[in-house]
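Engineer: Dropping a structure here in structure tokens format, bear with me for questions.
The values are calculated or read from the model by the stated rules, or taken from the named source; none is laboratory data. Fair warning: this is a prediction, and the values are worked out from it, not measured in the lab. Ideal geometry is used to build each Cβ from the backbone, glycine not excepted, and the neighbour counts take in all protein chains shown. When the accessible area is computed, the model is the full protein with side chains, heavy atoms only, and any ligands, DNA or RNA have been set aside. Shrake-Rupley method; radii C 1.70, N 1.55, O 1.52, S 1.80 Å.
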Amino acid sequence: MPLSLMPIALFALAFLVFNVVLCLRVWRMTELPVWRRMLPILLLCTALAASSGRAWGVTAAAEAVAFPLNAATALLGMYELDRRRARRAVAGGQARSSS
């Protein structure tokens, strides 16, 4: 592997780890319905399956599907975490005002 591709590979690995951490954090949100908890994990698994198609020479699916699904996984995970923070802030504000 040429040295110039090393930063790209490191970014891809960091993005994958970021997506996995987001998926696990969303999975642990027990107040969400099961389908909403599983959606980021399913998107990530589909993206990984499309990316692994490159090993067998199926590059069209990887080029068309893998990055958008990875981006959707990250955006959906961050959205769910942000909504959870907002719900907790509202619940915390209501608890303080009623005391």
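Engineer: State which residue is surrounded by the fewest Cβ atoms within 10 Å (Cβ to Cβ) when the search covers only region 17-68 and only residues that are of a type in the set (A, V, I, L, M, F, W, C) and assigned to a loop (DSSP other than H, G, I, E, B).
Structural biologist: Within region 17-68, the first condition is being of a type in the set (A, V, I, L, M, F, W, C), and the residues that meet it are 17-18, 20-24, 26-27, 29, 32, 34-35, 38-39, 41-45, 47-50, 55-56, 58, 60-62, 64-67.
Remaining after also requiring assigned to a loop (DSSP other than H, G, I, E, B): 29, 32, 58.
Details: M29: 14, L32: 16, V58: 12.
Checking each candidate, the answer is V58.
Engineer: On to the next question. List pairs: first residue in region 23-51 and touching a residue at least 40 places away in the same chain (Cβ under 8 Å), second residue open to solvent by less than 70 Å² (accessible area, probe 1.4 Å) and polar (S, T, N, Q) anywhere in the structure, Cβ distance under 6 angstrom, at least six positions apart or on different chains.
Structural biologist: Hits for this filter: P40/T73.
Engineer: Continuing with this model, one more query. What are the residues in region 69-99 that are closer than 17 Å to W27 by Cβ, open to solvent by 60 Å² or more (accessible area, probe 1.4 Å) and of a type in the set (A, V, I, L, M), if any?
Structural biologist: L75, M78, listed by residue number.
Engineer: Determine whether I8 is β-branched (V, I, T), open to solvent by 100 Å² or more (accessible area, probe 1.4 Å) and in a helix (DSSP H, G or I). Don't jump to the end; show me each part of the working.
Structural biologist: Values: β-branched (V, I, T): yes; open to solvent by 100 Å² or more (accessible area, probe 1.4 Å): yes; in a helix (DSSP H, G or I): yes.
Judged against the criteria, I8 is a match.
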